[in-house]
Amino acid sequence: MAHRTEAAADQLTLDPENWNELRELGHRMLDDIFLHLETLRDQPAWQPLPESVRQAIHEPLPMLPQGEEKTYGDFLQNVLPYTTGNRHPRAWGWVRGNGTPFAMLAEMLAAGINTHAAGGQQAATYIEEQVIAWFTQIMGMPVGSSGILTSGGTMANLLGLAVARQTKAGFDVREEGLQGEHPALTVYCSAEVHMWARKSVEFLGLGQKSLRQIPVDENFRIDLMELRKKIRNDRAGGLRPIALIATAGTVNTGAVDDLTTLAQICRDEDLWFHVDGAFGALLKLSPNYERLVAGIEQADSLAFDLHKWMYLSFEVGCLLVRDAEAHAATFAAQASYLETTTRGMLADGLSFADRGIELSRGFKALKVWMSLKAYGAALHGQIIEQNIEQAKHLASLVNRYAELELLSPRTMNIVCFRYRPHEVSSKEELNRLNREIVLRLQESGQFVVSGTVLKGDYAIRVANTNHRSRLEDFDALVEAVRDHGRKVVAENAVLQIAGTGNQPKG
Ligand SMILES: *Cc1c(COP(=O)(O)O)cnc(C)c1O
């Protein structure tokens, strides 16, 4: 590819000198990535990054141009093969969506127009408002609820908790901070809450001690008696309970707290009702399973991801807030250089800058809007149902084999199980054995699954938010687990595994 000529050097730009050459490269990139996506099944789900690749990436700051061609070659060689593999049909680790080819194209278009999506008079403002109105409808929240697209669930949840703090603290937190003489604020959730909650109370200055993690029942749902008792005791102790975080789909097992009862407790106790529905909230797209999250529509604030069970590419999450005024009252700010006008580009202000902490924002709404239009909400709901049927199938296979056992009830798309041959009985050995099976499944490139620890037992965990999986993939997984399990036991490797240093991660 041609480099910038001496003659052009006094008028510099990063646009190509030769548009046709870059256009040709762009078409090739598109062809390459489409071929890659079309043939995912022929490729390993994941493979470890070789030391040579790490070395190749570790290069001195390029002061001089290497050119687009060579740089793209480096991408093909050192980046494309070494990813987290979640786009693969046999990937069910953690909770990670696949992405879609069409959303990828939408991302490309969004980057191409590179609009600044803080608000103002432009299509992006109205597209994001429309997407939020659609999700307000999907979730059953009242027309006129406020909302914002975020980078993900953590950010959506954090913003929701910030609105709760501002609204329920009993004093103006924005003005006074948490420095004054006020009763300590407390927030309630179950012990199964995702780690965003701890990070968020720390970040919001409430401190870890403010987060009251209530034990769960045998189905991993928040214990309502314990919750009521804790709130009562805290009040009696001079603390000020402000919010309750319910989880609709816990990350460990997919458990859904009793949302309807929790909404009532929040009304009785004057608490903000925040729901973390990171993936579970999307069940509202499924006519057959939306009952599993009944009550979610009563949330004061509801956070969910679109890069998990809406299958969109990273990153995109969403926060909905029932009281639009409370939402704006938490974040809206004025600045002379962003003066709202009645005409021109800033007419009606920067609505999205006023609903979160970020000013410059990308056009995340475009991929959401284009995907919902292109495929329709109903198809997304059908694939969600397909994922649940697949998880049911997997659970029934686990039940079919004596050497496999479920470690938690399957409520939606998550199956936690382990390999338990009769010759291994100690908890410790079973944990080591199953941790080794997960590692071998990953390292073989066959499957991306992850693990978790439930009541001290290590579980192989399958979280199915995969629009590419087929029923047979789960048959193959069960075969592979039994295969690897038998081999590990036969090699008598379980005892040696003690030294791998792999600690359980929640
Ligand atoms: C994934 C997840 C989150 C965090 O969302 P990110 O998009 O990863 O930031 C929060 N809560 C639950 C239940 C989740 O599954």
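None of the figures in this text is laboratory data; all of them are computed from the coordinates on show. Here the structure is a predicted model, which means the values were calculated and not measured. Cβ sites come from the backbone with ideal geometry, for glycine too, and all protein chains shown count toward neighbours.
Cα centroid separation, segment 30-95 to segment 285-354: 33 Å.
In summary, the lysines within cross-link reach of LYS367, defined as a Cα separation below 30 angstrom excluding same-chain residues under 8 places away, comprise LYS70, LYS199, LYS284, LYS308.
Using a 10 Å cut-off on Cβ atoms, rank the peptides 245-253, 106-114 from the highest mean neighbour count down.
Top of the packing list down: 245-253, 106-114.
The Rg/Rh ratio of segment 378-481, with both radii computed over alpha carbons and Rh defined as the Kirkwood radius, is 0.97.
Taking 0.36 nm per residue of sequence separation and removing the Cα-Cα distance, the ALA56/TRP19 pair yields an extension gain of 10.4 nm. Considering only GLN130, LEU285, LEU25, and ranking their Cα positions along the charge dipole of the chain that arises from unit charges at the beta-carbon of Lys, Arg, Asp and Glu, the one farthest toward the positive end is LEU285. Peptide packing: for 451-463, 70-82, 407-419, 283-295, the average count of neighbouring Cβ atoms within 10 Å per residue gives the ranking 407-419, 451-463, 283-295, 70-82, highest mean first. For segment 348-506, a crude dipole built from +1 on the beta carbon of Lys and Arg and -1 on the beta carbon of Asp and Glu, taken about the Cα centre, is about 280 debye to the nearest 20. Stretching the chain fully between LEU439 and GLN43 yields a gain of 140.7 nm (0.36 nm per residue, less the alpha carbon separation). For the chain, a simple Cβ point-charge model (Lys and Arg +1, Asp and Glu -1, everything else neutral) yields a dipole of about 1380 debye relative to the Cα centre.
Rg/Rh for the chain to two decimals, with Rh computed the Kirkwood way over all alpha-carbon pairs. Write down the numbers at each step before the final one.
Details: Rg = 25.1 Å, Rh = 25.1 Å.
Ratio value, two decimals: 1.00.
Per-residue ellipticity at 222 nm from helix content only, as computed over the chain with -39500 (n - 2.57) for each DSSP H run of at least four residues, stands at -12500 deg cm²/dmol.
The residues TRP196, TRP19, when put in order of fewest to most other Cβ atoms within 10 Å, stand as TRP19, TRP196.
How high is the relative contact order of the chain, in percent, with contacts defined as C-alpha pairs under 8 Å that are six or more residues apart?
Details: 861 pairs, mean separation 100.7, N = 506.
20 percent.
Calculated FRET efficiency, ALA335 to GLU479, Cβ-Cβ distance, R0 = 60 Å: about 0.50 to the nearest 0.05. With Cα atoms defining each centre, segment 371-392 and segment 208-245 are spaced 35 Å apart in the structure.
Over segment 245-367, consider all pairs of different Cα atoms and compute the Kirkwood hydrodynamic radius from their mean reciprocal separation; express it in Å, one decimal. The Cα-based Kirkwood calculation yields 16.4 Å. Of SER444, LEU244, GLY85, which is farthest towards the positive pole of the chain's charge dipole, taken about the Cα centre with +1 and -1 on the beta-carbons of Lys, Arg and Asp, Glu respectively? Of the listed residues, the answer is LEU244. Between ALA191 and ILE214, VAL216, the built amide H atoms are under 5 Å apart, and every one of these is 5 or more places off in sequence or on another chain. Taking other residues whose beta carbon is less than 13 angstrom from the beta carbon of ASP305, and scoring Lys, Arg as +1 and Asp, Glu as -1, yields +1. Toward the positive end of the charge dipole of segment 296-391, with +1 on the Cβ of Lys and Arg and -1 on the Cβ of Asp and Glu, the farthest Cα among SER301, HIS327, PHE363 is that of PHE363. When both bridge partners sit in the chain, DSSP labels roughly 55% of those beta bridges antiparallel. What fraction of the DSSP beta bridges in segment 184-313 is antiparallel, stated in percent and rounded to the nearest 5? That works out to approximately 10 percent antiparallel.
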